[in-house]
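Nothing in this text is a laboratory measurement; each read-out follows from the coordinates by a stated rule. All values reported here derive from a predicted model rather than from experimental measurement. With ideal geometry, Cβ positions are generated from the backbone for all residues, glycine too; neighbour counts draw on all protein chains shown.
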Amino acid sequence: MRALIVIDMQNDFVQQGGALYFTGAERVIAPVIDLVKNAIDNSDAIITTQDWHDIDDVEFTLWPRHCVKNTIGAQIVEPLKTHLAGYEKYFAVHKNRYSAFYGTNLDELLRKLSVKQVDVCGVVTHICVLFTVEELRNRGIDVRVHEKATASYDSDLHRFAIRMMKEILGAEVVP
Ligand SMILES: [Zn+2]
């Protein structure tokens, strides 16, 4: 089974006014939706991750408070949510660290679905995308990263992460 993993497409990251919004972040919404449509056409599984913090999470010593569980900021952006609604192979994963595997059921879910190939998109390229792709590669899963459907607030770190995923982790990077 192939799966599309959509990383942290939440209001606090990609919606203007969000707690960790950065200029241009909303540009990934359209390409991510294209990937979602494509995945649905191919009957691939779709997994969204959401940063999902307690109000006093220790991560807030590093970052301004964001994606507090059950708040608007932690919700998936509206146009994407609409496309996912009702799809029978859609799964949501809540996480409180950069890697979507840490303290979540993602490992179990991928094994249950016999996922061997994954397409990855979302934000932020050098944080949650990179650390999740590393874990996917540790498990021997083929990874295709869709660069146009990723974004970062720092273009150097974006390029660094793309290179790391391609040259060090052996992911395929498509423009
Ligand atoms: Zn966070």
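What to note about this one:
- Antiparallel bridge percentage (DSSP; both residues within the chain; nearest 5): 5 percent
- Length gained when the stretch Asp107-Arg2 is fully extended (0.36 nm per residue, less Cα-Cα span): 36.3 nm
- Shown for Ser114, Ser152: other C-beta atoms within 10 Å of each C-beta, ranked fewest to most, produce the order Ser114, Ser152.
- Cα-projected label distance for Phe160 with Gln117, points at 7 Å along beta-carbon direction, nm: 3.2 nm
- The dipole here belongs to the range 2-174: it is taken about the Cα centre, uses +1 on the Cβ of Lys and Arg and -1 on the Cβ of Asp and Glu, and is about 360 debye.
- Length gained on full extension, Ile55 to Lys148: 30.3 nm, using 0.36 nm per residue less the C-alpha separation.
- Here the simple spin-label model places points 7 Å from the Cα toward Cβ, and for Trp63 and Lys81 these points are separated by 1.9 nm.
- The phi torsions of the range 164-175, fed into the Karplus equation with coefficients 6.51, -1.76 and 1.60 and a -60° offset, translate into couplings of 4, 5, 7, 7, 9, 9, x, 7, 7, 10, 10, x Hz, rounded to whole numbers, with Gly and Pro shown as x.
- The residue list Ile5, Val123, Gln50 was ranked by how far each Cα lies along the charge dipole of the chain toward its positive end, using unit charges on Cβ atoms, and Ile5 comes out on top.
- Taking the Cα centre of the range 77-125 as origin and assigning +1 to Lys and Arg Cβ atoms and -1 to Asp and Glu Cβ atoms, the resulting dipole is close to 120 debye.
- Prolate/oblate/rounded call for the range 32-117, Cα gyration tensor, a/c under 1.5 rounded: oblate
- Globularity ratio of the chain, using Cα Rg and 2.2 N^0.38 Å: 0.94
- Qualifying trypsin sites (Lys or Arg not before Pro) in the range 20-111, where qualification requires a DSSP coil assignment and no more than 15 other C-beta atoms within 10 Å, comprise Lys69, Lys89.
- Cα-based Lys pair tally, the range 20-175, threshold under 13 Å, eight or more apart or on separate chains: 4
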